[in-house]
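One structure is given here, and the rest of the page talks about it.
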Amino acid sequence: MSDTERVRAHVFVSGTVQGVFYRASTRDAAEEHGVDGWVKNLDDGRVEAVFEGPEAAVEEMVDWCHTGSRAASVEGVEVRYQEPEGLDGFEIHR
């Protein structure tokens, strides 16, 4: 896979990841890395996110998820790779 080929990572993050600015920090980090996608809280306490972009940038975001925001305490990160859907921009879903 070339570094310019777009990839998509669908990520589920568990731990203390809600109410600790995890979504806002994810959006900021994604914008810094030039990654498109979205992030949202799930009813079970996890955070779900999708990242699309160049492989290296998406992998940096997946790595970032293991730490997350300063107040977060990440216990686990589950990643599924999928075909990119051509997302544009990065959004926080409510």
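Just so you know, all these numbers are worked out from the coordinates, no wet-lab data involved. Keep in mind the model is a prediction, meaning the values are calculated, not measured. As a convention, Cβ positions derive from the backbone with ideal geometry for all residues, glycine included, and neighbour counts pool all protein chains shown.
Could you tell me whether the chain comes out rounded, prolate or oblate from its Cα gyration tensor? Rule is a ≥ b ≥ c as square roots of the eigenvalues, rounded for a/c under 1.5, then prolate if a/b exceeds b/c, otherwise oblate.
Cα axes put the chain in the prolate bin.
Please determine, in degrees from 0 to 90 and to the nearest 10, the orientation of helix 22-33 with respect to the longest principal axis defined by the Cα atoms of the chain, where the helix direction is its Cα long axis.
That helix lies at roughly 20 degrees to the long axis.
Counting other C-beta atoms within 10 Å, which of TYR81, TYR22 has the fewest, and how do the rest follow?
The most exposed by this proxy come first: TYR81, TYR22.
Roughly what would the spin-label model give for ASP43 and VAL62, points 7 Å off Cα along C-beta, in nm?
According to this spin-label approximation, the distance is 2.9 nm.
Just to confirm a number: summing +1 for Lys and Arg and -1 for Asp and Glu over residues other than ARG27 whose beta-carbon lies under 12 angstrom from that of ARG27, what do you get? Could you put the intermediate results ahead of the total?
Values: positive: ARG23, LYS40; negative: ASP28, GLU31, GLU32, ASP36, GLU91.
Spelling it out: positives minus negatives among the neighbours equals -3.
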